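Please treat every number below as a calculation from the coordinates, not as lab data. Given the structure is predicted, the values throughout are model-derived calculations rather than measurements. A quick note on method: Cβ atoms are made from the backbone with ideal geometry, for glycine too, and the neighbour counts reach across all protein chains shown.
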Amino acid sequence: MKSNTEHPWSVGDVAARFDLPTNVLRHWESVGLLRPERDPAGRRRFGEDDVVRIAVIQRSKAAGMSLEQIGVLLDDGSAGRHQVLQEHLDDLDRRMDEMRRSREMTEHAMQCRSHDIATCPRFRAGVADVLARF
């Protein structure tokens, strides 16, 4: 087992620095995303590599990845890594397109003189693809 000088942070220390509840870190450990060392008393001790993994998990979750996808991303032996990453890239492209449309509609709404924005033809054009389902 590595010494505590290599794994200086407790679960509470790490949780506080990342502004996370400790149970989130324990959950991530239970699903295999984290593997902190244990000290002789059995307490979790997080080192620099663990902290980097937590940062990757947080950034990946913020980008919309599921814990399962993040697990594949962090598994250096995963044969499905490229497929999962490509699917995530495709999802990001779809979401960015939706955000761009939403921004355009919001900008138009801010400048539109229509009292009821839903009656504005240009604004309604922004939801034409959604309305086409009916």
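Values for this structure:
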{"quantity": "Check on residue 92, within 30 Å of residue 131 (Cβ to Cβ), in contact (Cβ under 8 Å) with a residue 24 or more places away in the chain and of a type in the set (A, V, I, L, M, F, W, C)", "calculated": "yes"}
{"quantity": "Options 40, 36, 21; residue that is farther than 27 Å from residue 94 by Cα, in contact with a helix residue (DSSP H, G or I) (Cβ under 9 Å, 6 or more places away or on another chain), loosely packed, with under 11 Cβ neighbours inside 10 Å and free of Cβ contacts under 8 Å to residues at least 60 places away in the same chain", "calculated": "21"}
